[in-house]
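Below: the structure, in structure tokens.
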Amino acid sequence: MFRTHPKHDYLVAAGALHPHPEDVRADVFQRHRFFDPLDKVQVKYEMLRAHAVDGQSVASVAAAFGFSRETFYQTWRSFEEAGTAGLRDEKRGRRGPVKLTTELVEWVRQAAAEHPDWSGATMTQRLAEAKGVVFHRRTVERLLSEVKKNG
């Protein structure tokens with residue numbers, strides 16, 4: 001039934017498809033067509049509203065809206081941080097790795113030549129201070145091992 005719903009493909013593409021719409025038992029989703037159990041963002045918002053505005057317990061709203069209590073609390077934090085955008089199931093933070101540019105690679109090479117005693121952690125810290133970019137220590141250590149290998 002749910003797979004033939006007109007919004008199904010859009011919700012999948014938007015990362016907003018509720019994986020278990022049949023678990024949404026909240027009365028408002030049963031009584032009004034406006035409320036769509038397929039739309040996970042809407043379900044999460046209504047779950048938060050039922051708790052915050054209607055005063056329902058966390059355990060009862062989590063169960064009625066088809067989520068665990070842990071998901072309720074994660075959703076609450078995300079909503080407080082990012083508003084309704086925080087209700088989507090996308091990962092936070094940057095999209096993909098930051099690449100070491102030619103300029104940064106050259107900076108690391110030069111610093112390694114001038115300071116052969118610097119560890120990967122020290123090099124990472126100095127790179128952040130000098131260029132304002134933060135890389136994982138292992139990224140810089142791999143670059144340093146290449147520099148030492150290629151002389």
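So, with +1 on the Cβ of K and R and -1 on the Cβ of D and E, and no other charges, what is the size of the charge dipole of the chain about its Cα centre, to the nearest 20 debye?
Taking the Cα centre of the chain as origin, the dipole is about 300 debye.
What relative contact order, as a whole-number percentage, does segment 102-150 give when Cα pairs under 8 Å and 6 or more residues apart are counted?
39 percent
For segment 1-70, state which chymotrypsin sites (Phe, Trp or Tyr not before Pro) are in a DSSP loop and have at most 10 other beta carbons lying within 10 Å of their beta carbon.
Those satisfying the criteria are Phe34.
Over the Cα atoms of segment 2-87, what radius of gyration and what Dmax do you get, in Å?
12.3, 35
Work out how much length Tyr73 to Lys99 would gain on full extension: take 0.36 nm times their residue separation and subtract the Cα-Cα distance, in nm to one decimal.
Here the answer is 5.9 nm.
Total Lys pairs in the chain closer than 25 Å by alpha-carbon, pairs eight or more apart in sequence or interchain only?
For the chain, the number of qualifying lysine pairs is 11.
From the helices alone, meaning DSSP H stretches of at least four residues, give me the mean residue ellipticity at 222 nm for the chain, per-run term -39500 (n - 2.57), in deg cm²/dmol to the nearest 500.
So the helix-based figure for the chain works out to -17000 deg cm²/dmol.
What percent do you get for the relative contact order of the chain when only Cα pairs under 8 Å and 6+ apart count?
15 percent
So for segment 2-87, taking the charge dipole from beta-carbon charges (+1 Lys/Arg, -1 Asp/Glu), which of Phe29, Ala64, Pro19 sits furthest toward the positive end?
Of Phe29, Ala64, Pro19, it is Phe29.
Figure the gain on full extension for Ala85 and His115 (residue separation times 0.36 nm, minus the Cα-Cα span) and round it to one decimal in nm.
Answer, rounded to one decimal: 6.3 nm.
Rule-based calculations on the coordinates, nothing more; no lab input. In this text the structure is predicted, and so the values were computed from the model without any measurement. With ideal geometry, Cβ positions are generated from the backbone for all residues, glycine too; neighbour counts draw on all protein chains shown.
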